[in-house]
1. Among all residue pairs at least 6 apart or on different chains, which show Cβ distances below 7 Å where the first residue, located in the range 149-176, is touching a residue at least 40 places away in the same chain (Cβ under 8 Å) and the second is surrounded by 13 or more Cβ atoms within 10 Å (Cβ to Cβ) and of a type in the set (A, V, I, L, M)?
2. Could we say that S190 is at pLDDT 95 or above and over 18 Å from Y283 (Cα atoms) here?
3. Which residues, taken from the range 264-289, are farther than 26 Å from M162 by Cα and part of a loop (DSSP other than H, G, I, E, B)?
4. Taking the range 98-132 on its own, how many of its residues are more than 11 Å from the chain's Cα centre (by Cα) and either outside any loop (DSSP other than H, G, I, E, B) or under 19 Å from L221 (Cβ atoms) (or both)?
5. In the range 221-229, is there at least one residue being part of a helix (DSSP H, G or I), at pLDDT 95 or above and either within 25 Å of E48 (Cα to Cα) or of a type outside the set (V, I, T) (or both)?
6. Are there any pairs, at least 6 apart or on different chains, whose C-beta atoms fall under 6 Å, with the first in the range 7-33 and β-branched (V, I, T) and the second part of a loop (DSSP other than H, G, I, E, B), and if so, which?
Amino acid sequence: MKKVVRIKEVDLCYEIFGEGHQQDVVLISGLGSQMVRWDIAFCNLLVEEGFRVIRFDNRDSGSSVFNSNIEIPSDKSIEEVFAVLSKEDIPYSLMDMANDVIGLLDHLNIKKAHIAGRSMGGIIAQLLGSYYPERVLSLTIIMSTSLNPSLPKPDPEVMAMMTQGSADPVLHKEEYLKEKIRFAERISGSGYVFDPNMETILLEQELTHTKTKNGIIRQLLAMGSFQYDPEILKRITVPALIIHGTDDLIFHPDCGKDIADTIPNAEWTLIDGMGHSIPVELYGFISERISDLAK
């Protein structure tokens, strides 16, 4: 059952699986995506591995609401918004998002947890491992990046699909779903069969649970204002596993390899044919790797 806790200016929505288990794993979602992207079937596999699983919506996604009176123009591109905002006007940082996780751990009376983050959630995981080593037992970072500016850029076509305006899901739901399914298929990778029906179910769930406005823009601003510092990764001492796909069009495989090479003693796993998503066929493999790392 989903619950909501107030953490400073954020109403954070979370859900727990496997109550009674002693080891906690927190799953952090990516840019603009909701906790439902950590599929219940995947969460249940982690429960079978002995974890109490906590998934949540990042601030400004799903049912987690960032309470602010400051509106970000929704009719402008991210570049236009950056051009008119000063550093002080950025609503929040990725560090603020990492602090949301710490606030959730405090609320649940969890001293230490295993952390798994995907995409932007992987960057948040890096910050947790670096700045809160006393709260982190292990890190699993999936299809992510350090935002090192020297790394390969995202595929231009995919970036255009990400940043262009989409149809209004209230007024033009069918067109909205078609656009999102087209994008999901584009980034899914060549090694696994894309399932449009499953994607439609996830999109419908997201539409049902969405309570935010301007969320993805504010999250993009948090990522865009992040200052890359290799010392963040070098300070991480907990066991770390980096998982990436060969077909990732958003964060090139070199992005994952850079993280693995910079975190001391990190494990590196490159999966052939995986794109910027976690296919059902890999649920078992990844849950087992998280469990092995924890042990």
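1. P154/L249; P154/I250; D155/L249; V158/I187; V158/L249; V158/I250; T163/I78
2. Taking the combined requirement at face value, the residue does not satisfy it.
3. P264, N265, A266
4. Residues that pass the stated criteria total 19.
5. no
6. V10/R59
Here is a yes/no grid of residues against (1) out of contact with any helix residue (DSSP H, G or I) (no Cβ under 8 Å at 6 or more places or on another chain); (2) of a type in the set (V, I, T):
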position	(1), (2)
Y192	no, no
E199	no, no
E206	no, no
T212	yes, yes
I232	no, yes
T237	no, yes
I286	no, yes
I290	no, yes
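Conditions tested, residue by residue: (1) within 18 Å of M143 (Cα to Cα); (2) out of contact with any Phe, Trp or Tyr (no Cβ under 9 Å at 6 or more places or on another chain).
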site	(1), (2)
E179	no, yes
F183	yes, yes
I201	no, yes
G215	no, no
M223	yes, yes
Y228	yes, yes
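The values are calculated or read from the model by the stated rules, or taken from the named source; none is laboratory data. As the structure is a prediction and not an experimental result, all values here were calculated from the model. Reconstructed Cβ throughout: ideal geometry from the backbone, glycine too, with neighbour counts over all protein chains shown.
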